[in-house]
Amino acid sequence: MDTAEFAHVVVVHKSFDEAVVAVLKAVEQKGWALFAVYDVRERLAVKGFNQKPLKIIEVCSAKHAARFLSKNRLISLCMPCKINVLEEDGAIKIAGMKPSIISQFFSEVSAEEAQEVERELIEIVDAAVA
């Protein structure tokens with residue numbers, strides 16, 4: 001599977017911290033909930049491992065979550081949605097997993113329903129770039 005099939009990845013011309021703040025603002029503007037922000041670099045540094053900056057931002061749309069969970073509670077394995085901000089090859093990138101793949105694993109979710117969530121997640125990522 002090609003990365004583009006399961007992730008929407010964009011390069012931003014912002015600092016790492018500016019990109020994180022931009023994602024947080026875009027999540028709020030879209031009306032989604034922020035669940036958690038994990039600083040992977042910091043967590044691994046505590047254990048003696050060096051990594052480039054990486055934050056995992058967990059977000060959720062209650063409307064979509066409630067609908068999906070009413071179909072199959074195991075969909076919770078794919079929740080909440082994650083948007084990552086990372087430094088790679090000297091560039092700052094924002095990456096979001098494409099929720100459309102959920103319909104490949106859970107037949108109860110139509111491709112159209114999953115694509116609706118994906119459109120909103122991509123809008124959040126793209127808004128953070130501007």
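Miscellaneous remarks
- Gaussian network model of the chain, Cα within-10 Å springs - most flexible of LYS14, LYS93, LYS52: LYS52
- Diffusion of region 1-69 by Stokes-Einstein, at 25 °C in a medium of 0.890 mPa s and with Rh set to the Kirkwood radius over alpha-carbon pairs, works out to 172 µm²/s.
- Shape analysis of the chain yields a ratio of the Cα radius of gyration to the Kirkwood radius, Rg/Rh, of 0.98.
- Highest mobility in the GNM of the chain, judged by mean-square fluctuation with C-alpha springs under 10 Å and restricted to VAL109, VAL46, VAL11, is found for VAL46.
- Normalised by 2.2 N^0.38 Å, where N counts its residues, the alpha-carbon radius of gyration of region 51-128 equals 1.18.
- Cβ-based net charge around LEU34, under 9 Å, with every Lys or Arg adding one and every Asp or Glu removing one: -2
- Each other residue within a Cβ distance under 12 Å of LYS93 adds +1 if Lys or Arg and -1 if Asp or Glu, for a net charge of 0.
- The lysines within cross-link reach of LYS52, meaning a Cα-to-Cα straight distance under 17 Å and a gap of 8 or more places when in the same chain, are LYS14, LYS93.
- Taking Cα atoms only, the orientation of helix 16-30 departs from the longest principal axis of the chain by about 30 degrees.
- Note on LYS63: lysines with a C-alpha under 27 Å away, same-chain residues under 8 apart excluded, are LYS25, LYS30, LYS55, LYS71, LYS82, LYS98.
- Rounded to the nearest 10 degrees, the inclination of helix 62-71 to the longest alpha-carbon principal axis of the chain is 50 degrees.
Taken together, the values in this text are just the output of simple stated rules run on the coordinates, not laboratory data. No experiment lies behind these values; they were computed from the predicted model shown. All Cβ positions, glycine included, derive from the backbone under ideal geometry; neighbour counts span all protein chains shown.
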